Amino acid sequence: MRRLSLSSRLALLFAACTAVVSLFAGVLFSHASEAHFVELDQQLLDGKLIGLRRALHDIQSSESEIRLADELSRQADLSLRITGSDGQRWYDSSAQLPDKLPQTPGLSTLNDGGTDYRVLNAPLFVDKPDSPQLTLLLDITHHQHFLQRMQHLIWLTVGLSALATALLGAWAARSGLRPLRRMSAIASGVSAQSLNARLPEENMPPELAELAHSFNAMLGRLDDSFQRLSAFSADIAHELRTPLSNLLTHTQVTLTRPRPIEDYREALHSNLEELQWMAQLVNDMLYLAKADHGLLSPKREPLELAQEVDLLLEFFAPLAEDTRVTLTREGNAQMEADRTMLRRALSNLLDNALRFTPAEGEVRVRIVDEAKGLRLTVENSGDGIDGALLPRLFDRFYRADPARQEGSSEHAGLGLAITQSIVRAHGGQIRCESGNGWTRFVIELPKGD
Amino acid sequence: MKLLIVEDQPKTGQYLRQGLTEAGFNAELVADGSTGQQLALSGDYALLILDVMLPGRDGWQILQAVRSAGLDTPVLFLTARDAVEDRVHGLELGADDYLVKPFAFSELLARVRSLLRRGSASPQETSLQLADLRLDLIRRRVERSGQRIDLTAKEFALLEMLLRRQGEVLPKSLIASQVWDMNFDSDTNVIEVAIRRLRLKIDDEFPNKLIHTVRGMGYVLEERIA
């Protein structure tokens, strides 16, 4: 079933509210007027009762009949029945009076064949227990007609006002929801090409401003990721273009004329180097793509970090000894992580650190075990990195050293991006700080439970 | 030594066969899974190289059939998909090793040799030797032309690996994995430096060089008569 639109829902709610309120008011009014009529009738009948009692104080006399007729003639819609104490009907002022009348003392209402009566039962002589009974009947048909007409009017009012508020409400809701429609129009216009569209936050009603703000923030994040993604694809094409064009040129030039076998060998070797570089690039990009899709699922094996770091330092020892760089490690911690992934992440950091450490410098790895989690820092002495470049270090293909151009070195500039992916896959964070002659990569990892 | 390659991509298959044949193996190539399975079940092969995606029956099904027939022929998987589940699946089914495309042929060759060696445990050796280079496994000493050479523990392990697999081209990734237990792709040049430092001690003072670089492929320890 299709859900009702917001404006129709609001319109219906408005209509229902108006109907309930006007119905309540109408019922109250009709009850009040009915009560008012009853009160008027009571007063009238009470007055008449006094007159009748006076006229009939000596009921046996013939004059009393004249006085009675006189009394009754003053009020055309009033009829009277006098009943003896034995229940015998003594007198009816009109022949059309109903046979059965209510016997309850006091005021009551009776409907007989289309005529409505207000009936008052009272003894003729107040102090005599066996007094004849007076039954006064007041024809109130016109009152009842009035009340009935009023009830119809109330129903009509309820219906019409509900209809009117429904229509007005629909209009009001529609115009009240206009900012929402504007939002949806902008949202439906958003595509990969127009991620820079934003909702005007300042002239939004306060209720929608927050939504507009989150919506804009979402667009901003999408835009950012999309920019990175398209930059990544452009970078891939760019990175692959250089080795590909080398391969093409070299192979074609080699084949243009017969050459000594040694030249072919040389050409193949040179091609092999380009190809290996490309294969490494493709493998690294696949790794990052997997990370982007959340497919890097680290195994959780208990690790002694000091042991892992020492193994890595031993691995890098030949490289460090070459430039007489000191490699040290301090601290230890246990954690659950994927051994191969962790080694890969740290190896990228160490490799990076060693490349930027001047001869006879120092590379230090520190492991700090804290209550919240653990911190791993890899720091190297050296010139440091310009603070403005720090956030971009983990971007793919980013190279802090502008002298090192694409294709010209064996480093594609994906190492730090891979390290970041691995750290994130373990639920951690990595950042870089630089200053006072040190560059420091800080990894913060939550403890495996 | 008979090897079976089941690979449906003609170029890949032919180059693999050529490379393995030239490396001294008797390599057979089939392109579809069903024929591959029939041949594999004959039990005539010392090693199976299976592509995962194959027409007829895929690599996993062949592996399953081979294992349920009670054959323990070593199986090396080639896959274009680097999905973790793939590796886990393959290894659970009883694959012995896997390579993700694109891979280097030198890497494949080194793995093939490792797998073939695995079955035949060589007798306990006490020393390894090539030309005038001698490595004493018990006393952990190295000498060349009777001259004692001091090596670090890792240099010793590296030289031992080169000696055990003399004549084989060893790719850098394999050396990193075997000597340092670093099992990941890395573009670091640690291995180059380590080899250079080993050369300095083993080769530099001697006219007859034993460690050779095979450009773009790796390193080999062998005696080359100039």
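The values are calculated or read from the model by the stated rules, or taken from the named source; none is laboratory data. Since the structure is predicted, the reported quantities are computational estimates derived from the model, not experimental observations. Quick reminder, even Gly has a Cβ in these numbers, built from the backbone with ideal geometry, and neighbours come from all protein chains shown.
Might you check whether a residue that is assigned to a helix (DSSP H, G or I), within 14 Å of chain A (Cβ to nearest Cβ) and either modelled with pLDDT under 85 or surrounded by fewer than 15 Cβ atoms within 10 Å (Cβ to Cβ) (or both) occurs anywhere in the stretch B:90-112?
Among the residues of the stretch B:90-112, at least one is assigned to a helix (DSSP H, G or I), within 14 Å of chain A (Cβ to nearest Cβ) and either modelled with pLDDT under 85 or surrounded by fewer than 15 Cβ atoms within 10 Å (Cβ to Cβ) (or both), which makes the answer yes.
Could you grab me the full set of residues in the stretch A:331-350 that are touching a strand residue (DSSP E or B) at 6+ places or on another chain (Cβ under 6 Å), within 12 Å of chain B (Cβ to nearest Cβ) and either of a type in the set (Asp, Glu) or in a strand (DSSP E or B) (or both)?
Answer for the stretch A:331-350, where residues must be touching a strand residue (DSSP E or B) at 6+ places or on another chain (Cβ under 6 Å), within 12 Å of chain B (Cβ to nearest Cβ) and either of a type in the set (Asp, Glu) or in a strand (DSSP E or B) (or both): there is none.
Give the residues of the stretch A:289-310 that are within 11 Å of chain B (Cβ to nearest Cβ), surrounded by 16 or more Cβ atoms within 10 Å (Cβ to Cβ) and touching a residue at least 12 places away in the same chain (Cβ under 8 Å), sorted by residue number.
Correct list: A:Leu296, A:Pro298, A:Glu308.
Please state which one of A:Arg259, A:Arg228, A:Arg241 is away from chain B (no Cβ under 12 Å) and more than 30 Å from B:Gly218 (Cα to Cα).
A:Arg228
Residue by residue, here is whether (1) under 60 Å from the mean Cα position of the chain (by Cα); (2) at pLDDT 85 or above holds:
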position	(1), (2)
A:Lys48	no, yes
A:Gln75	no, no
A:Ser85	no, no
A:Arg89	no, no
A:Ala95	no, no
A:Pro132	no, no
A:Phe146	yes, yes
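I'm told A:Ala164 meets every condition in (1) at pLDDT 85 or above; (2) crowded, with 16+ Cβ neighbours inside 10 Å except one. Can you identify the failing condition by its number?
Going through (1) at pLDDT 85 or above; (2) crowded, with 16+ Cβ neighbours inside 10 Å one by one, A:Ala164 breaks only (2).
Find the helices (runs of 4 or more DSSP H) located wholly in the stretch B:1-73 whose residues include 2 or more that are closer than 29 Å to B:Met217 by Cβ and under 16 Å from the mean Cα position of the chain (by Cα), and list them.
In the stretch B:1-73, B:10-22 are the helices (runs of 4 or more DSSP H) which contain 2 or more residues that are closer than 29 Å to B:Met217 by Cβ and under 16 Å from the mean Cα position of the chain (by Cα).
Can you find a residue that is polar (S, T, N, Q) and part of a strand (DSSP E or B) anywhere in the stretch A:320-330?
Among the residues of the stretch A:320-330, at least one is polar (S, T, N, Q) and part of a strand (DSSP E or B), which makes the answer yes.
Name every residue in the stretch B:13-23 that is touching a residue at least 24 places away in the same chain (Cβ under 8 Å) and of a type in the set (Ser, Thr, Tyr), in order of residue number.
Within the stretch B:13-23, B:Tyr15 is the sole residue that qualifies.
Please list, ordered by residue number, the strands (runs of 3 or more DSSP E) wholly in the stretch A:102-150 having 2 or more residues that are surrounded by fewer than 14 Cβ atoms within 10 Å (Cβ to Cβ).
The qualifying strands (runs of 3 or more DSSP E) are A:106-112.
Scanning the stretch B:144-193 for residues that are among the small types (Gly, Ala, Ser), part of a helix (DSSP H, G or I) and closer than 26 Å to B:Val100 by Cα, which turns out nearest to the other protein chains (Cβ to nearest Cβ)?
B:Ala176
A:Lys48 passes all but one of (1) of a type outside the set (Asp, Glu); (2) within 24 Å of A:His145 (Cα to Cα); (3) free of Cβ contacts under 8 Å to residues at least 60 places away in the same chain; which number fails?
Of everything listed in (1) of a type outside the set (Asp, Glu); (2) within 24 Å of A:His145 (Cα to Cα); (3) free of Cβ contacts under 8 Å to residues at least 60 places away in the same chain, A:Lys48 misses just condition (3).
Scan the stretch B:24-69 for residues that are farther than 12 Å from B:Glu7 by Cα, small (Gly, Ala, Ser), in contact (Cβ under 8 Å) with a residue 40 or more places away in the chain and crowded, with 20+ Cβ neighbours inside 10 Å and report the count.
0
Residue-by-condition table, conditions (1) among the acidic types (Asp, Glu); (2) farther than 22 Å from A:Glu301 by Cα; (3) buried (at least 18 other Cβ atoms within 10 Å of the Cβ):
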site: A:Val325; (1), (2), (3): no, yes, yes
site: A:Met335; (1), (2), (3): no, no, yes
site: A:Ala345; (1), (2), (3): no, no, yes
site: A:Ala353; (1), (2), (3): no, yes, yes
site: A:Thr357; (1), (2), (3): no, yes, yes
site: A:Val368; (1), (2), (3): no, no, no
site: A:Lys372; (1), (2), (3): no, no, no
site: A:Arg375; (1), (2), (3): no, no, no
site: A:Val378; (1), (2), (3): no, yes, yes
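Across the stretch B:74-83, which residue is surrounded by the most Cβ atoms within 10 Å (Cβ to Cβ) among those that are touching a residue at least 12 places away in the same chain (Cβ under 8 Å) and assigned to a loop (DSSP other than H, G, I, E, B)?
Of everything passing the filter in the stretch B:74-83, B:Pro74 is surrounded by the most Cβ atoms within 10 Å (Cβ to Cβ).
Taking the stretch A:268-288, which residues are more than 9 Å from chain B (Cβ to nearest Cβ) and either free of Cβ contacts under 8 Å to residues at least 60 places away in the same chain or not hydrophobic (A, V, I, L, M, F, W, C) (or both)?
Result: A:Glu274, single match.
Looking at (1) assigned to a helix (DSSP H, G or I); (2) at the interface with chain A (Cβ under 10 Å from one of its Cβ atoms); (3) closer than 30 Å to A:Met285 by Cβ, can you tell me which one B:Leu115 breaks?
With respect to (1) assigned to a helix (DSSP H, G or I); (2) at the interface with chain A (Cβ under 10 Å from one of its Cβ atoms); (3) closer than 30 Å to A:Met285 by Cβ, B:Leu115 is out only on (2).
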